[in-house]
Amino acid sequence: MITALFATISLFASLQEPAFPKGPLGILQLTDTNGAITALNSKAGKAIVLLFVAVDCPISNRYAPEIARIVDEYGRKRLKFFRVYVDASVTRDQIAEHGKDFSLRFPAVLDDKHDLVRKVGASVTPQAAVIGADGTLLYRGRIDDLYSDHGRFKERATRQDLRVALDEILAGKPVTEKRSLAIGCSIPDFP
């Protein structure tokens, strides 16, 4: 009985997400794949969509076609998309190759010190974060409900969480579900 209680507490603790930030996130600067500093700011009223990915995460890579479809469909609207690589050991060449191999044809940045991870509270790859034109976090979570747990997935997603959030943002409505639990490869803590 006590063992089951501790197992339940441990499982619950592992499902905890970082707190959802309130207010503007401040200046967001990252290094792009050419080594240049990129300021992630909302220009011309565009929201920013950050897609946290990893070259070696099978779940992240399985989502690559859906990510590409979302970027293709929504990238022409008032949204700016970035791939965010969180592994400090990944090289710029690996990022470029990953983008090519998985048809991810939108800008990539390297968050090797996890500044952006901490600001938005990202915890796994793949995970999406949408920052509004005013610099506040509007959505953080899964792309859809394809995965219900590690190794457990549906044939087809039934809820398109990121698409729903983007549609609400583009319609000028508040996001009804600001966060959802993303299933993927854990982003390790940065010392």
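Name the single residue that is surrounded by the fewest Cβ atoms within 10 Å (Cβ to Cβ) among those in region 79-100 being under 18 Å from the mean Cα position of the chain (by Cα) and among the basic types (Lys, Arg).
Taking region 79-100 first, the residues under 18 Å from the mean Cα position of the chain (by Cα) are 79-88, 90, 95, 98-99.
Those left that are additionally among the basic types (Lys, Arg): 80, 83.
Details: Lys80: 18, Arg83: 24.
Looking at residues that are under 18 Å from the mean Cα position of the chain (by Cα) and among the basic types (Lys, Arg), I get Lys80.
Just one of (1) touching a residue at least 60 places away in the same chain (Cβ under 8 Å); (2) surrounded by fewer than 19 Cβ atoms within 10 Å (Cβ to Cβ); (3) part of a loop (DSSP other than H, G, I, E, B) fails for Ser103. It is (1). Scanning region 117-134 for any residue that is free of Cβ contacts under 8 Å to residues at least 60 places away in the same chain and either assigned to a strand (DSSP E or B) or over 24 Å from Ala88 (Cβ atoms) (or both) turns up nothing. If you go through region 58-71 one residue at a time, do you hit one that is at pLDDT below 90 and more than 19 Å from Arg179 (Cβ to Cβ)? No: region 58-71 contains no residue that is at pLDDT below 90 and more than 19 Å from Arg179 (Cβ to Cβ).
Residue check: Ala68 meets all listed conditions (1) farther than 22 Å from Asn34 by Cβ; (2) in a helix (DSSP H, G or I); (3) small (Gly, Ala, Ser) but one, namely (1).
Any residue at all in region 153-173 that's polar (S, T, N, Q), part of a loop (DSSP other than H, G, I, E, B), exposed (fewer than 11 other Cβ atoms within 10 Å of the Cβ) and modelled with pLDDT under 90? Write out each step before concluding.
Residues of region 153-173 polar (S, T, N, Q): 158, 160.
Then drop every residue that is not part of a loop (DSSP other than H, G, I, E, B), which leaves 158, 160.
Going one step further and asking which of them are exposed (fewer than 11 other Cβ atoms within 10 Å of the Cβ), we end up with 158.
This time we only want the ones that are modelled with pLDDT under 90, so: 158.
Within region 153-173 (the criterion being polar (S, T, N, Q), part of a loop (DSSP other than H, G, I, E, B), exposed (fewer than 11 other Cβ atoms within 10 Å of the Cβ) and modelled with pLDDT under 90), the answer is yes, since at least one residue qualifies.
Restricting to region 101-143, give me the number of residues that are among the small types (Gly, Ala, Ser) and more than 14 Å from the chain's Cα centre (by Cα).
Step one: list which residues in region 101-143 are among the small types (Gly, Ala, Ser), which gives 103, 108, 121-123, 128-129, 132-133, 135, 141.
Next cut, more than 14 Å from the chain's Cα centre (by Cα) only: 103, 132-133, 135.
The qualifying residues number 4.
Picking from residues in region 71-100 that are part of a helix (DSSP H, G or I) and in contact with a Ser or Thr (Cβ under 8 Å, 6 or more places away or on another chain), the one that is nearest to Thr33 (Cα to Cα) is Arg92. Residue check: Val109 meets all listed conditions (1) surrounded by fewer than 16 Cβ atoms within 10 Å (Cβ to Cβ); (2) in contact with a strand residue (DSSP E or B) (Cβ under 6 Å, 6 or more places away or on another chain) but one, namely (1).
The values are calculated or read from the model by the stated rules, or taken from the named source; none is laboratory data. Note that the structure is predicted; figures quoted are calculated from it, not measured. Backbone-built Cβ (ideal geometry, glycine too); neighbour counts: all protein chains shown.
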